[in-house]
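Working notes for the structure below.
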Amino acid sequence: DVSAVQQLATLANKKGIAVSFIMPVPTWREHVPKALWKNLTQHKQLPSMTAQEQLKNTRPLDEELSRIRHKNFKIYRVTDIFCRPDCQLSDSSGKPFYFDDSHLTLTGSELLKELFSIVLKNGKQEIK
């Protein structure tokens, strides 16, 4: 609910607290490990999605969040992390990034490690 995020940002802004919103990771219409297994054993085609498709999927949320105009509120997008230019299902060794259609495995969450470091660093700077 974007209105709840708006309320949070407004209250946090009054107290000088930074608010960071990390956009959703790509989600799939298929169970990713099953799709990878079927590709490996039955040569079934893997689901695919481009960065542009992912951006189109998240555009309504992005547009609503972009209306929140507080200096303490920052949006972090993850499309460039997962989609270069096609969204990835697994790492180069075949370890899946998802344990279903939308939830990250530890391997997938590792991709966000650097982003979380940036978010924490920026949050500390804004609080000072």
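The values are calculated or read from the model by the stated rules, or taken from the named source; none is laboratory data. If you're wondering where the values come from, they're calculated on a predicted model, not measured in any experiment. Glycine also receives a Cβ, built like all others from the backbone with ideal geometry; neighbour counts cover every protein chain displayed. All accessible areas refer to the heavy atoms of the entire protein, side chains included, with ligands and DNA or RNA removed. Shrake-Rupley method; radii C 1.70, N 1.55, O 1.52, S 1.80 Å.
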Straight-line reach only, C-alpha to C-alpha below 18 angstrom: list the lysines that residue 14 could link to, leaving out same-chain residues fewer than 8 apart. 71, 74, 124, 128
Using the Karplus curve 6.51 cos²θ - 1.76 cosθ + 1.60 with θ = phi - 60°, what ³J(HN,Hα) values do you get for each residue of the range 22-28, in whole Hz, with x for Gly and Pro? 9, 5, x, 6, x, 10, 10
Could you give the length gained on full extension between residue 43 and residue 1, defined as 0.36 nm per residue of separation minus the Cα-Cα distance, in nm? 11.1 nm
Around residue 37, with a cut-off of 15 angstrom between Cβ atoms, what is the net charge of the other residues, counting Lys and Arg +1 and Asp and Glu -1? +1
How much accessible area per residue does the chain have, in Å², with a 1.4 Å probe? 69 Å²
Of all DSSP beta bridges in the chain, antiparallel share, percent nearest 5: 50 percent
Rg to Rh quotient for the range 1-75, alpha carbon positions, Kirkwood Rh: 1.21
Could you work out [θ]222 nm for the chain from helices alone, using -39500 (n - 2.57) per DSSP H run of at least four and dividing by all its residues? Round to the nearest 500 deg cm²/dmol. -15500 deg cm²/dmol
Around residue 68, with a cut-off of 13 angstrom between Cβ atoms, what is the net charge of the other residues, counting Lys and Arg +1 and Asp and Glu -1? 0
Compute the signed sum of charges (Lys and Arg +1, Asp and Glu -1) over the other residues within less than 15 Å, Cβ to Cβ, of residue 99. -3
Share of accessible surface on carbon and sulfur in the range 52-128, whole %, 1.4 Å probe and ligands ignored, is 52 percent
